[in-house]
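Right, one structure below, let's go through it.
Each reported figure results from applying straightforward, stated rules to the coordinates on display, with no laboratory input. Keep in mind the model is a prediction, meaning the values are calculated, not measured. FYI the Cβ positions are ideal-geometry reconstructions off the backbone, even for glycines, and counts take in every protein chain you see.
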Amino acid sequence: MEDLEQTAGEETPIFLKIPAKIISILFHPLLMPVFGMFLLFHYKEYLEYSLPEKIEITVYKVVVATTLVFPILMTIVFKLKGTIDTFEMKTREERRFPFLFTAIFYMFGYYLLKKLGLPTLFYKVLLGATISVLLSVIVNLFWKISVHLIGIGGIIGTLLLMSQIVIIDIRLPLLIAIFIAGITGTARLILKEHSPAQLYIGFFIGFLSEFMMLWVKHL
């Protein structure tokens with residue numbers, strides 16, 4: 001069965017397609033690890049650690065480079081070589097190598113953060129993201145899964161993880177994240193990129209990958 005079977009039917013009206021594409025770009029999965037690190041630094045005064053500003057900048061550089069810049073550059077290379085037809089990578093076949101290289105870059109980012117001697121929470125968040133990407137690589141061999149919902153599911157998992165160790169009210173950011181998950185999922189449906197099942201499974205892979213890191217020791 002074709003991956004894009006759900007795209008059959010009437011053409012999506014342009015007044016729905018344009019906002020859906022904008023939402024898909026704004027909440028692209030490659031941006032989620034950066035958002036996750038922002039959350040950790042935003043609530044740092046409530047956690048049992050304090051990092052010098054120089055270290056914070058280094059962390060941001062590592063995360064941006066390994067989870068955003070390197071994957072984008074590799075995607076451009078794949079496009080120039082003809083490995084992928086579009087940057088949207090609409091089929092499972094197009095996604096295989098970009099997803100695999102993204103997983104490698106994420107693992108490298110995790111390794112660098114761990115070498116910096118940071119509090120475990122920091123590299124656990126990136127480890128959770130790495131695991132979710134690796135799972136998406138495996139699932140993509142058989143089924144086109146939503147990486148957008150994997151990303152936002154990971155953010156929600158991170159927020160709930162933080163609620164276990166931070167004595168603060170995270171209801172507002174959690175509600176915002178849930179709202180973003182809703183509009184992002186709706187956008188992917190409007191664009192006919194996924195079925196509802198692909199969105200749900202993607203969300204739970206991202207959510208569980210991050211949340212379960214709270215319970216993993218000595219990684």
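To the nearest 10 degrees, how steeply does helix 70-81 sit against the main Cα axis of the chain, on a 0 to 90 scale?
20 degrees
Taking the square root of 5 times each eigenvalue of the Cα gyration tensor, what semi-axes in Å does the equivalent ellipsoid of the chain have, largest first?
30, 20, 15
With angles folded into 0 to 90 degrees, how steeply does helix 120-140 sit against the dominant principal axis of the chain? Use alpha carbons for both and round to 10.
20 degrees
Label Ile76 and Tyr43 with points 7 Å out from Cα along Cα→Cβ: what is the distance between them in nm?
3.5 nm
Going down the table (Lys21/Lys54; Lys54/Lys124; Lys81/Lys144; Lys17/Lys79; Lys17/Lys61), which pairs top 31 Å between alpha carbons? Please list the in-between numbers first.
Numbers: Lys21/Lys54 36 Å; Lys54/Lys124 21 Å; Lys81/Lys144 23 Å; Lys17/Lys79 24 Å; Lys17/Lys61 34 Å.
The answer is Lys21/Lys54; Lys17/Lys61.
Relative to the longest principal axis of the C-alpha atoms of the chain, give the angle of the C-alpha long axis of helix 14-26, reported between 0 and 90° and rounded to the nearest 10°.
Result, in degrees: 30.
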